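Read through the structure below, which is laid out as structure tokens, and then see the notes.
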Amino acid sequence: MHGGSGWVRDAERVLRHAWHGQPCTRRRGAARPKVESANGTGHQTGTGGSPFHAVAEAAAIAAQEGDLDVADIKEIEFTLPDYPFPGPKHPTDLIGIAHSPFYFAAAGAADRGYGWQHALPEKIADPRIRSLFDRVTRLDYDVPNKTGFKSGAIVRITTIDGAVHEASVLAPKGAAVRGIHWAELRQKYEALMPCGGVSAKHVAASFNQIQDMNALTSIRDLIDTIKADTP
């Protein structure tokens, strides 16, 4: 969706589709696969994310389990069983990090988590994360249960004192095979909606309306809430 009035028109088009159950015309690309949404109804959805999210998630799990700081880490090895994409090792911008499993591994390990904030310039330039780039290695091998991975990853962190912490993620958060939950949708909604000029108050109100959409007497109430802070 786009900013300004175009965003609102797109929002209205999508929400009308959800409200009336009528098909909406996609602007580009083929129809997306149907998955079960948080309330159990079928909606057309797409991942909209990087196939490397599982790298960050696995790195974060390994770092959490070892209670590791950046200074503790000697080496990070990652394996992409079903998507062995190399990517740039020292990305410096949004396009670079989106194609860099090295960044996802470093960021996930350094911050013990990965979120929307990691796409911002401040995080991309974070010296803690960047200090790990040369300690990250891609390790390709024939994973026995390869077919079980759906854009998943295996990450192994070796510490300065020789300890090894390994974590596997079969599919990243948000993947249909893991299910989609309201808490995850709320987190994404609250992170992105303010970028369109919507206040925290109206973000919260509109998300509550979305959760209770079947109880709304008119979809216009929701559209008006979303548009409340736009020029």
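Each residue in Y103, Y141 was given a count of other beta-carbon atoms within 10 angstrom of its own, and listing them fewest first yields Y141, Y103.
Got a sec? How would K150, K188 order by Cβ neighbour count within 10 Å, fewest to most? Each step should come with its number before you reach the end.
Working: K150 18, K188 14.
Exposure proxy ranking, most exposed first: K188, K150.
This ranking places T159, T147 by how few other beta-carbon atoms lie within 10 Å of each, fewest first, which gives T147, T159.
D69 to S199: FRET efficiency via 1/(1 + (r/R0)^6), r the Cβ-Cβ distance, R0 41 Å, to the nearest 0.05? Computed FRET efficiency for D69 and S199: 0.65.
Take the cross-link list K201/K227; K123/K188; K173/K201; K74/K123 and give me the ones stretching past 24 Å between alpha-carbons.
Beyond 24 Å between Cα atoms: K173/K201.
DSSP bridge analysis restricted to segment 53-169 gives an antiparallel fraction near 80%, rounded to the nearest 5.
Read-outs: derived from the displayed coordinates by stated rules, not from any lab. Model, not experiment: these values are computed from the prediction. Here Cβ is always computed from backbone atoms with ideal geometry, including for glycine, and neighbour counts include all displayed protein chains.
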